[in-house]
Amino acid sequence: MRPAVLAPHGVWLPLAVMAVCTALPSLGHLALKTIPVWAVVIAFFSAMAMPAGHATRAEGAHAAAIVVAIATLSPLLATLLARALDVDAETGALMALTACAPITPAVGSVAALLRLPGRAPMMAALLAALISPAVLWAVSGLLTGNALPVSAATVAIRMGLVVMLPTILAFGLRHLYPARSMAWCFEFRGMVVVGLSMVAAARGEGLAFSLRHPLLGIKLAGLAFAVTGCAMLAGWAMSRAFGRDAALSGTMAAGMRSTPSAWAAIGTSLGELGTTYMTLTVLPFYLVPLILRAVLSLRRAPVVTATKVA
């Protein structure tokens, strides 16, 4: 079966795999160790599947503003939130690092789905991937302290191997073989779905733990949504100077972060709370675009006025 067959199932197939591995958490535990491999697959093939084209200078400036929001304001807000809520040190560190995780390359498809104009979100995803080692090194060193069982330098090196280098390699191949890259676009998207499905399988163990401890699961899911809210607020604050539509696309892009890459950089030797939190970051990833689509549909709905018939 060719990977292109899986391309249209980028939402439902990972969710189905995650449901199976939640029911059979031993399978999820086996998949947990393979997250770095699939994070590389997602980063490489997502970059290969990006549509070609050039951005305007204004779109480039907007993309840079989104990246600045993700790299600085978002982790700062997440850290302040963690301290205000008095969460444990490990979860607080994970909140800061997932708040500055690279933007998922699929953000361009989400922007098209929401009918948001411009290439700024997709450019922001590319820029965020290229500077992700430096960003996670700085945030890990300045905001997380010794809360995680991994040093800031290790996080940066892993992020370079998992995200930055695959992205550079992908764009090098696109430059060398542009026609072939366009022809194989759906094959690349299918491989992204494979990677997302395997990461979803790895989330099964954490989801099973949250179902066994529902109150704790609700708390951690709430923190995951709160961190996404911090990132979206940062994206809106840095994008509103570019206009209303740009502010919406910046808000959406800042909320669509690639948490599998951050998980691969941090490592899978976390405690049960940390593993469950990283697992539950999948909820805002899938639900936020649906919520934004519903809100935008309501705003764009035509106003129907009743007229009195004489």
Percent RCO, i.e. relative contact order, over segment 28-187, from Cα pairs under 8 Å lying at least 6 residues apart: 32 percent
Using 0.36 nm per residue of separation minus the Cα-Cα distance, give me the extension gain between residue 33 and residue 157 in nm, one decimal. 42.8 nm
Interchain or sequence-distant (5+) residues whose placed amide H lies within less than 5 Å of the amide H of residue 257 are 104
Percent RCO, i.e. relative contact order, over segment 129-206, from Cα pairs under 8 Å lying at least 6 residues apart: 30 percent
Whole-Hz ³J(HN,Hα) for each residue in segment 160-174, computed from phi via Karplus 6.51 cos²θ - 1.76 cosθ + 1.60 with θ = phi - 60°, x for glycine and proline: what do you get? x, 6, 8, 10, 5, 5, x, 5, 4, 4, 4, 6, x, 5, 4
Relative contact order [Cα under 8 Å, 6+ residues apart], the chain, whole percent: 34 percent
Between residue 297 and residue 212, what length in nm is gained on full extension when 0.36 nm per residue of separation is reduced by their alpha carbon distance? 26.9 nm
Expected vector for segment 130-140, Karplus 3J(HN,Hα) from phi with 6.51, -1.76, 1.60 and θ = phi - 60°, integer Hz, x for Gly and Pro, equals 5, 9, 4, x, 5, 5, 5, 5, 5, 5, 5
Quote the charge dipole size of the chain about the Cα centre in Debye, to the nearest 20; the model charges only the Cβ of Lys and Arg (+1) and of Asp and Glu (-1). 880 debye
Rounded to whole Hz and in sequence order, give me ³J(HN,Hα) for segment 265-280 from the Karplus expression 6.51 cos²θ - 1.76 cosθ + 1.60, θ = phi - 60°, writing x for Gly and Pro. 6, 6, x, 9, 8, 8, x, 4, 5, x, 4, 5, 4, 4, 5, 6
Among rounded, prolate and oblate, which fits the chain when a ≥ b ≥ c are the square roots of the eigenvalues of its C-alpha gyration tensor, a/c under 1.5 means rounded, and a/b larger than b/c means prolate? rounded
Specify which residue in the list 148, 84, 173 is farthest towards the positive end of the charge dipole of the chain, using unit charges on the beta carbon of Lys, Arg (+1) and Asp, Glu (-1), about the Cα centre. 173
Run the helix sum for the chain: -39,500 (n - 2.57) per DSSP H stretch of 4+ residues, divided by residue count, reported at 222 nm to the nearest 500 deg cm²/dmol. -22500 deg cm²/dmol
For labels at residue 175 and residue 287 in the simple 7 Å Cα→Cβ model, what's the distance in nm? 4.2 nm
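Since every read-out is calculated from the coordinates, none of them should be taken as a lab result. Everything quoted here is computed from the prediction, not taken from an experiment. As a convention, Cβ positions derive from the backbone with ideal geometry for all residues, glycine included, and neighbour counts pool all protein chains shown.
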